[in-house]
Amino acid sequence: MYLYQIHLIMKTVIRNLNIAVLYALFTTLLLGGYFLLMKSLGLADNTTLRVFNFVILFGGVYKSISAFKDVIGTDFSYFRGLIMGLKTTLLTALFFTGSILVYYSFDPSFINGVLNQGGLSGAGSIFGVMGVILIEAIVSGFMSSFMCMQYLKNPKHVVCLLYTSDAADE
């Protein structure tokens with residue numbers, strides 16, 4: 001009996017982790033695609049366009065919490081959804097920061113441009129820039145998780161339209 005309950009708990013944990021990993025990878029790919037698009041258009045040094053990183057991250061967090069809510073069903077709670085959003089955020093931040101490190105190995109001059117353009121001269125190195133990107137992603141993801149849970153915490157409301165006619169009143 002207890003062994004079966006442990007099995008169910010472990011199955012739920014593994015399934016939940018896979019949702020976070022899946023959406024974190026998907027979000028990282030979208031962020032990377034956006035970065036490469038901006039780089040090809042010559043806009044990668046424009047730090048103002050990083051606001052769209054938040055939009056992409058918000059979408060990934062929303063989809064992961066929404067998918068988790070569908071999988072978990074009636075056991076969904078505010079706290080569990082928030083944890084799913086935070087897991088997705090942390091994984092996305094780590095994956096994206098790692099991808100910046102890989103990109104740096106191909107184009108080291110890009111980081112110097114980011115340091116000069118973005119006012120990050122105090123960061124000083126690739127690891128400083130990675131730290132700033134990591135912190136920015138985590139803070140944005142935490143805000144996204146809280147915002148998404150405000151919407152997703154309630155069950156979906158079903159609208160019932162009751163048709164009455166004058167003939168029914170008589």
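Near Arg80, within a Cβ-to-Cβ distance under 12 Å, what is the net charge of the other residues, with Lys and Arg +1 and Asp and Glu -1?
Around Arg80, the charge tally is +2.
Rounded to the nearest 10 Å², what accessible area does Tyr23 have for a 1.4 Å probe in the complete protein model?
50 Å²
Starting from the exponent 0.38 and prefactor 2.2 Å, build the expected Rg for the range 53-111 from its residue count and divide its actual Cα Rg by it.
1.47
Taking 0.36 nm per residue of sequence separation and subtracting the Cα-Cα distance, how much length would be gained by fully extending the chain between Tyr103 and Asp75, in nm to one decimal?
Full extension of this stretch gives 6.0 nm more.
The values are calculated or read from the model by the stated rules, or taken from the named source; none is laboratory data. What you are looking at is a predicted structure, and each value in this text was computed from that prediction instead of being measured. No Cβ is skipped: glycine too gets one built from the backbone with ideal geometry, and neighbour counts run over all protein chains shown. When the accessible area is computed, the model is the full protein with side chains, heavy atoms only, and any ligands, DNA or RNA have been set aside. Shrake-Rupley method; radii C 1.70, N 1.55, O 1.52, S 1.80 Å.
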